[in-house]
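The values are calculated or read from the model by the stated rules, or taken from the named source; none is laboratory data. The shown structure was predicted, so the numbers you read here are calculated from the model rather than taken from an experiment. Reconstructed Cβ throughout: ideal geometry from the backbone, glycine too, with neighbour counts over all protein chains shown. The accessibility values were calculated without ligands, DNA or RNA, using every heavy atom of the protein model including side chains. Shrake-Rupley method; radii C 1.70, N 1.55, O 1.52, S 1.80 Å.
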Amino acid sequence: GQNIDQPTEMTATEGAIVQINCTYQTSGFNGLFWYQQHAGEAPTFLSYNVLDGLEEKGRFSSFLSRSKGYSYLLLKELQMKDSASYLCAVSNQAGTALIFGKGTTLSVSS
Amino acid sequence: DSGVTQTPKHLITATGQRVTLRCSPRSGDLSVYWYQQSLDQGLQFLIQYYNGEERAKGNILERFSAQQFPDLHSELNLSSLELGDSALYFCASSVAGRAKTQYFGPGTRLLVL
């Protein structure tokens, strides 16, 4: 089976940096994804890691350590619009579906 | 806008009824995935179709069924509805059969009264 853990809630202020952690246990691994979801809206793709290391994309970066079953999403220069739920997901063993964590709700205040 | 479309946006119905949710994938995508999102369960994978054939099943109830048509659009049928089926239903699509990046549609919000 697969299990994904991430904090339920986090708060931060505008302009700050926040790191959202995700740990996973999986019987097979085909990549780790981060999605952003605003309330009542569709999840939107942020990043994909399949090899160890850091992937940087503008203000957002994602890190993966396969040996530790660990990933984090780093958000820099936080803006109010970054207030959303951030979903960590791993591809299932067959690579046919995404298994999502319950998400981390990030609140950015001024 | 992801390019994935879903209809209807909202659906209100009664227990015991049957509804059909529709999804059109992004142009060129062959895979369609259905997910259910409720407050307590998060996003749960239901089923995947690839080029018209069922590829993978997740936590899909026997009362639910889906299909993908030759034009690659997909429908999710929910029958004998219960209060607990109230949720957001998302469709996602990807190019290939293996779950590389999936792009999500806007969802259908189902309320069962």
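Can you tell me which of B:88, B:81, B:111 is at the interface with chain A (Cβ under 9 Å from one of its Cβ atoms) and either in contact with a His (Cβ under 9 Å, 6 or more places away or on another chain) or surrounded by fewer than 23 Cβ atoms within 10 Å (Cβ to Cβ) (or both)? Don't jump to the end; show me each part of the working.
Details: B:81 fails: at the interface with chain A (Cβ under 9 Å from one of its Cβ atoms); B:111 fails: at the interface with chain A (Cβ under 9 Å from one of its Cβ atoms).
None of the others qualify; the one that does is B:88.
Would you please name the residue that is surrounded by the most Cβ atoms within 10 Å (Cβ to Cβ), looking only at residues in the range B:1-15 that are within 14 Å of another protein chain (Cβ to nearest Cβ), more than 18 Å from residue B:64 (Cβ to Cβ) and in contact (Cβ under 8 Å) with a residue 60 or more places away in the chain?
B:4
From B:53, B:75, grab the single residue that is in contact (Cβ under 8 Å) with a residue 24 or more places away in the chain and either farther than 26 Å from residue A:103 by Cα or within 10 Å of another protein chain (Cβ to nearest Cβ) (or both). Even if it seems obvious, please write down each step before you answer.
Values: B:53 fails: in contact (Cβ under 8 Å) with a residue 24 or more places away in the chain.
Within the list B:53, B:75, the selection yields B:75.
Could you list all residues from the range B:16-44 that are open to solvent by less than 20 Å² (accessible area, probe 1.4 Å) and within 11 Å of the chain's Cα centre (by Cα)? Steps first, please.
Kept after step one, since they are open to solvent by less than 20 Å² (accessible area, probe 1.4 Å), are these residues of the range B:16-44: B:19, B:21, B:23, B:29, B:31-35, B:42-43.
Of everything in the range B:16-44, those that are open to solvent by less than 20 Å² (accessible area, probe 1.4 Å) and within 11 Å of the chain's Cα centre (by Cα) turn out to be B:21, B:23, B:32, B:33, B:34, B:35.
Matching residues to (1) open to solvent by 60 Å² or more (accessible area, probe 1.4 Å); (2) without any contact (Cβ under 8 Å) to a residue 40 or more places away in the chain; (3) outside any loop (DSSP other than H, G, I, E, B):
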{"position": "A:11", "(1), (2), (3)": "yes, no, yes"}
{"position": "A:16", "(1), (2), (3)": "no, no, no"}
{"position": "A:20", "(1), (2), (3)": "no, no, yes"}
{"position": "A:35", "(1), (2), (3)": "no, no, yes"}
{"position": "A:39", "(1), (2), (3)": "yes, no, no"}
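Residue check, residue A:47 against (1) within 9 Å of the chain's Cα centre (by Cα); (2) away from chain B (no Cβ under 11 Å); (3) open to solvent by less than 50 Å² (accessible area, probe 1.4 Å), all met but one. Which one?
(2)
Looking at B:105, B:52 in this structure, which one is open to solvent by less than 40 Å² (accessible area, probe 1.4 Å), within 12 Å of the chain's Cα centre (by Cα) and of a type outside the set (Asp, Glu)?
B:105
Residues in the range A:93-110 that are within 12 Å of another protein chain (Cβ to nearest Cβ) and within 16 Å of the chain's Cα centre (by Cα): how many?
8
Go through the range A:57-83 and count every residue that is open to solvent by less than 10 Å² (accessible area, probe 1.4 Å) and of a type outside the set (D, E, K, R).
Start the filter on the range A:57-83 by keeping residues that are open to solvent by less than 10 Å² (accessible area, probe 1.4 Å), which leaves A:61-62, A:64, A:69, A:71, A:73, A:75, A:78, A:82.
Adding the requirement that they be of a type outside the set (D, E, K, R) leaves A:61-62, A:64, A:69, A:71, A:73, A:75, A:78.
Of the residues in the range A:57-83, 8 are open to solvent by less than 10 Å² (accessible area, probe 1.4 Å) and of a type outside the set (D, E, K, R).
How many of the residues making up the range A:84-99 are of a type outside the set (Val, Ile, Thr) and surrounded by 24 or more Cβ atoms within 10 Å (Cβ to Cβ)?
Taking the range A:84-99 as the starting set, the residues that turn out to be of a type outside the set (Val, Ile, Thr) are A:84-89, A:91-95, A:97-98.
Okay, now just the ones that are also surrounded by 24 or more Cβ atoms within 10 Å (Cβ to Cβ), so A:86-89, A:91, A:97-98.
Adding up the residues that qualify gives 7.
Report yes if some residue within the range A:64-76 is under 30 Å from residue B:49 (Cα atoms), of a type in the set (Ser, Thr, Tyr) and within 14 Å of another protein chain (Cβ to nearest Cβ); otherwise report no.
No, because not a single residue in the range A:64-76 is under 30 Å from residue B:49 (Cα atoms), of a type in the set (Ser, Thr, Tyr) and within 14 Å of another protein chain (Cβ to nearest Cβ).
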